[in-house]
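The next block holds one structure in the form of structure tokens; read it before the comments.
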Amino acid sequence: MTEQIRYLTPGWRDEAEMRLKSELSPERMNFITSSMSNIYLDCPDGKDKYLFFRFEKGLFADLILGEGEPPDAEFRITGQYETFARISKAELGSQRALMTGKLKLKGNMIKALKLASIADRLNKVLSTIPAVY
Amino acid sequence: MTQNDPFFIDFPGRISRIQAEMAEAKIDVYLGSRLRTLSWTLDAFCPWRSFVVIPPEGIPTAFTFVIDAARVADDSWLDESHVFGFAPMGGQDQIELISDFIKDLLPGRRGRIGIESGMSNYLPEGNLTHYEYERFSAALPGCELVNAHTIIDKLSLIKDAGTINRFREASRIVDIGHQAVFDALKDGGYRGMTETGIAGLAAFAMRKAGSEWEWSFTGGNEIASGYRTGLTGGACTPASRREISAGEPLMVDIHAMFKLGLGDHSHNYLISPVTHRQWWHANNFLDIVRLTLKTYKAGITPSDLAEKMMGFADERGFSDYMVPGFEHGIGMMGDEWLIGLNDGPFPYWTNPEHVYQAGELLICAMQYACPEEGIGFRYENPVVIHPDRCEPLSVFPLTIDEI
């Protein structure tokens, strides 16, 4: 039986980085250069956390898990921990979460539209991590 | 587009001048919503609800409905990072997106925001709605929203060379449309034609010549035949399915757009057989148009001109048939309402005492209507005001052609 990792812990971050690097080639990432911060409000420990992604020409340059104010990013997505958790469990689509106001996007939508399918690929990989929420 | 291009407009220069006026008025950020403001600052046609946010210094940012944002960015002088699309998504609806953007521009997230409020007979004017005003007020706590459209109105009053050249080109295209209509009507060609058909063939000819669309919100090309030319006080005739008939007048008022410069010219016809009485009306109309064009120049006012023209019409015995207005305002797409500034006795109507200055552009617009005889004529033409004369931009011959 695969060992389960607690969501949004350093172990989960390491697993996420390993899977993203191995499963999403620069080609699959359309050689994008961009950055995104997911901000998780009301985590189970009562804190707010962030997960910062940065890509350089389709390669993962940074995946940083932290608390407090995240590094500057081209896109900033804010929502409840529970919402992100449901997306990671593939129970809720990220588009639906945005359309229903469960997630708030800050950034240029024209650019975001170009990255929507990439974000879906990324979420799909993250959803495969056996995690405890 | 380089400075040598005849259609070049210095948009960064326009923004700098707005920012200087903002500083003078102690406005930290300008939130433009009127179509005329969007055209004048962005150099792009914005058919959907759109906004422009002008910071105290630097480049403005446009906001429009997401389905059109990439196209606006492509057409505009702004780069993609200065055009945002809004949509019904968390953080991306127009109020939240723009409010957050404005707050990031303000030190301490507080300041004075210039907005555009008022009223207009022109439906697509684009003033901030009451709902939008309330929502922006709520989303921008600590900010004061002040009406500031006069900044744009003042700066856009005198047209630069690029703007006038764009209008000149749009007028050249309109003349091509008129020639196509004339060619189609002559030698009995009018038989079986309808007003909508004429509107369409003019549109086709103008589009082939480069017009972007028949921009007028009055139904594009306005065509009226028979009694519809002479509707009481009427100066708005979206084309109908009415068929053109012998013995009737025909009014062809067509519109072309070139790089947001607007062509707008009316030409009139009488379909044979023409009566002496019809020619009496027609000659009255031609004479007053000629006199009006001779009279426009810097230094006169709309009321000076109206008094002189109505006096002439009275002497000649046709004042009952003249609609007593001789012009309307014009500017880049969306600017089609009052002339000059909002400083007249009736708010948001043309000030009749506005003193024309060289470099202003207006539509000389005259309507002759005799409903009891079912006859009328219209003249419209963009004219540039010079110190000693006016320059009509459409040069299709001023005649009433008997077909």
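Quick note: the coordinates plus some simple rules give every number you see, no bench work behind them. Worth saying up front: this structure is predicted, and the values here are computed from it rather than measured. Because the Cβ atoms are built from the backbone with ideal geometry, glycine has one as well, and the counts that use them run over all protein chains shown.
Cβ crowding within 10 Å, taken as a proxy for footprinting-reagent exposure, orders B:E372, B:E169 from fewest neighbours to most as B:E372, B:E169. Free of any trypsin sites (Lys or Arg not before Pro) that DSSP assigns to a loop and that have at most 16 other C-beta atoms within 10 Å, the longest stretch within chain A is A:90-133. Neighbour counts of other Cβ atoms within 10 Å put A:C43, B:C46, B:C143 in the fewest-to-most order A:C43, B:C143, B:C46. Among A:T83, A:T100, A:T33, the largest mean-square fluctuation in a Gaussian network model of chain A (Cα springs under 10 Å) belongs to A:T100. Any chance you could give the angle, 0 to 90 degrees and rounded to 10, that helix B:161-185 forms with the longest Cα principal axis of chain B? The angle comes out near 40 degrees. Here the dipole of region B:11-155 is about 340 debye; that uses its Cα centre as origin and unit charges on the Cβ of Lys and Arg (positive) and Asp and Glu (negative). Shown here for region B:177-249: trypsin sites (Lys or Arg not before Pro) in loop regions (DSSP other than H, G, I, E, B) with at most 15 other Cβ atoms within 10 Å, namely B:K186, B:R191, B:R241.
Among the GluC sites (Glu not before Pro) found in region A:25-133, those both in a DSSP coil and sparsely packed, with 10 or fewer other Cβ atoms within 10 Å of their Cβ, are A:E27, A:E91.
Taking every alpha-carbon pair within region B:1-59, the share separated by more than 12 Å comes to 67 percent.
Placing a pseudo-label 7 Å from each Cα along the Cα-to-Cβ vector at B:K154 and A:K47 gives an inter-label distance of 5.4 nm. Extension gain, B:A23-B:E315: 0.36 nm per intervening residue step, less the Cα-Cα distance, totals 99.9 nm.
Taken residue by residue and averaged, Cβ atoms of other chains lying within 10 Å of the Cβ of A:103-116 number 6. Both numbers refer to the Cα atoms of region B:280-398; Rg and Dmax are 14.1, 40 Å.
When the Cα atoms of region B:80-220 are aligned to their principal axes, the ranges along those axes come out at 72, 36, 32 Å in descending order. Average 1/r across all pairs of distinct alpha carbons in the protein assembly as shown, invert it, and you get the Kirkwood radius: 26.6 Å.
With N as its number of residues, region B:344-396 has a Cα radius of gyration that, divided by 2.2 N^0.38 Å, comes to 1.46.
Here region B:31-96 has an Rg and Dmax of 10.8, 31 Å, counting Cα atoms alone. In Å, what Kirkwood hydrodynamic radius results for chain B from the alpha-carbon pair distances? With all distinct Cα pairs of chain B included, I get 22.4 Å. Exactly which GluC sites (Glu not before Pro) in region B:1-100 are in a DSSP loop and have at most 14 other Cβ atoms within 10 Å? Hits after loop and neighbour filter: B:E57. Only lysines eight or more places from A:K102 in sequence, or on another chain, were considered; those with a Cα closer than 29 Å are A:K21, A:K47, A:K49, A:K89, A:K111, A:K114, A:K124, B:K103. Comparing Cα centroids, region A:74-95 and region B:312-336 end up 61 angstrom apart. For chain B, the longest principal axis of the alpha carbon atoms and the long axis of helix B:130-139 meet at an angle near 10°. Orientation-averaged projection of region B:232-281 equals 4.9 nm² [convex hull of Cα atoms, one quarter of hull surface area]. Beyond 17 Å, how much of the Cα-Cα pair distribution for region B:180-279 remains, as a whole percent? In whole percent, the share of Cα-Cα pairs in region B:180-279 beyond 17 Å is 49. In chain B, a dipole from Cβ-located charges (positive for Lys and Arg, negative for Asp and Glu) runs towards its positive end, and of B:P392, B:A298, B:V52 it is B:P392 whose Cα lies farthest in that direction. Scaled against 2.2 N^0.38 Å for its residue count N, the alpha carbon radius of gyration of chain A is 0.98. Rg/Rh for region B:34-148 stands at 0.93; both radii use Cα atoms, and Rh follows the Kirkwood definition. When A:T78, A:T128, B:T41 are arranged by Cβ crowding within 10 Å, least crowded first, meaning fewest neighbours, the order is A:T128, A:T78, B:T41. About the centre of its Cα atoms, region B:161-402 shows a dipole size close to 560 debye [charges on the beta carbon of Lys, Arg (+1) and Asp, Glu (-1) only; nearest 20 debye].
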